[in-house]
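We did not get these values from a lab; they are worked out from the coordinates using the rules stated. What you see is a predicted model; the values in this text were computed from it and never measured. Glycine gets a Cβ as well: all are built from the backbone with ideal geometry, and neighbour counts include every protein chain shown.
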Amino acid sequence: MLIITITILLFLVFQQCNAMLHPIDFLALQAIHKSLKDLPGSNFFGSWDFTSDPCNFPGVYCANDKVITLNLGDPRAGSPGLTGRLDPSIGKLSSLAEFTVVPGRIFGSLPETLSQLKNLRFLGVSRNFISGRIPAGLGMIRKLQTLDLSYNQLSGNIPWVVGTIPTLSNVILNHNRLSGSVPVFLSQKLTRFDLKHNQLSGYLLPRSLPSSLEYLSLSWNQLTGQVDHLLSRLNRLNYLDLSSNRFTGSIPGSLFRFPLTNLQLQRNQFTGPVYPMGQVAIPIVDLSFNRFSGQISPLFSSVQVLYMNNNRFTGQVPGIMVDRLLSANIRVLYLQHNFLTGIAINPAAEIPVRCSLCLQYNCMVLPVQTPCPLKAGKQKSRPTAQCGGWKKKG
């Protein structure tokens, strides 16, 4: 009987040992836990008791005896998150495929040891206080698909080697302090590319981004140069925001045929006429605060929200735009601060309540009085001297 009892106990111990986490991963999780703590109101680490199997901890998922997913922090909305630093021991989780951190107050730099995670596919450490540079070693993670380091305090260049990762589909680095130029990204699987609100500068090469892109946001940087050849290739875009940069030159007419739902080109230095290749089906188009010139194309009449103010457009406002405004198909039509000479609208016409029209500071006497944004100023029309030989039309 004693021999049978000992055999059963040994079997149970053997089974428990087989179920336990690999010692290297076990020690790595201990080090990661030691370097972090819950912010007041969070209890994420409350059940991290290392006398039990860590594969049962919240945020830890294992396969066999290795950690494959590590999600640090309570993912529920409103959770205060964690504080502390990311321990370099994370690089010892050799089978890790997904690593995320919920929004909180984690500070310090990203561990260089992340480059050891050869199986990592998803890296998401956003909305914290991570500072320092993006480790160039991330470029060695050749299976990485999503890189999300947004809303931190990262500085320095984007390492060029990151752009060579062949599997990238999402690069989200917005709201940091990144500087330097935008590297060439080679992945033909890249669909989302978001670098807005940084300090990036320099030119974008015609082939710096792949034609697979569907979402592109580079707004609020200091980027310069022409982008017409680059944009001509990105015909799968459904969202484009290049606003608040220093881009110059013209924009291709083919851009307006892309499956875009939102086009933001405002506050740049774009020039030349704007001639769409066909009726524009984009719901929201903002071309304001540039140096566009020539006449306004009637092909923009199907746009629901259209900002063309603060440019150098001339001539008459297309009649079809007036018709669509009065029928409430155009909800916003801002044409102020141009050199337009007329609009065919009855002074007694009633603009629908939910629609906005602003015409002030053009080369015409305003036929209708409509509310304009305060930034449009108080002057109703341009001084005659600025309008040259253009004939005023009411």
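Data overview
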quantity	calculated
Residues that are among the polar types (S, T, N, Q) and either within 18 Å of N245 (Cα to Cα) or part of a loop (DSSP other than H, G, I, E, B) (or both), drawn from region 154-194	N157, T167, S169, N174, N176, S179, S181, S187, Q188, T191
Tabulated pairs, region 298-318, first more than 14 Å from Q336 (Cβ to Cβ), second among the hydroxyl-bearing types (S, T, Y) and crowded, with 21+ Cβ neighbours inside 10 Å, C-beta under 8 angstrom, 6+ apart or interchain	P318/S301
Residue match in region 319-335 (condition: crowded, with 17+ Cβ neighbours inside 10 Å, touching a helix residue (DSSP H, G or I) at 6+ places or on another chain (Cβ under 8 Å) and either in contact (Cβ under 8 Å) with a residue 40 or more places away in the chain or not in a helix (DSSP H, G or I) (or both))	yes
Output for region 37-62, where each listed residue is over 15 Å from F99 (Cα atoms) and of a type in the set (A, V, I, L, M)	L39
Scan of region 301-312 for residues that are surrounded by fewer than 23 Cβ atoms within 10 Å (Cβ to Cβ) and touching a strand residue (DSSP E or B) at 6+ places or on another chain (Cβ under 8 Å), ordered by number	Q304, V305, Y307, R312
Residue that is surrounded by the most Cβ atoms within 10 Å (Cβ to Cβ) [pool: residues in region 258-270 that are of a type outside the set (S, T, N, Q) and under 18 Å from the mean Cα position of the chain (by Cα)]	L265
Filter result for V182 (surrounded by 20 or more Cβ atoms within 10 Å (Cβ to Cβ) and of a type in the set (V, I, T))	yes
Any hit, region 185-199, residues being among the hydrophobic types (A, V, I, L, M, F, W, C), in contact with a Leu (Cβ under 7 Å, 6 or more places away or on another chain) and under 23 Å from F270 (Cα atoms)	yes
Only one of L96, L149 that is in contact (Cβ under 8 Å) with a residue 24 or more places away in the chain, farther than 24 Å from C62 by Cβ and aliphatic (A, V, I, L, M)	L149
Looking only at region 201-257, and only at residues there that are of a type in the set (A, V, I, L, M) and part of a strand (DSSP E or B), the one that is farthest from the chain's Cα centre (by Cα)	L223
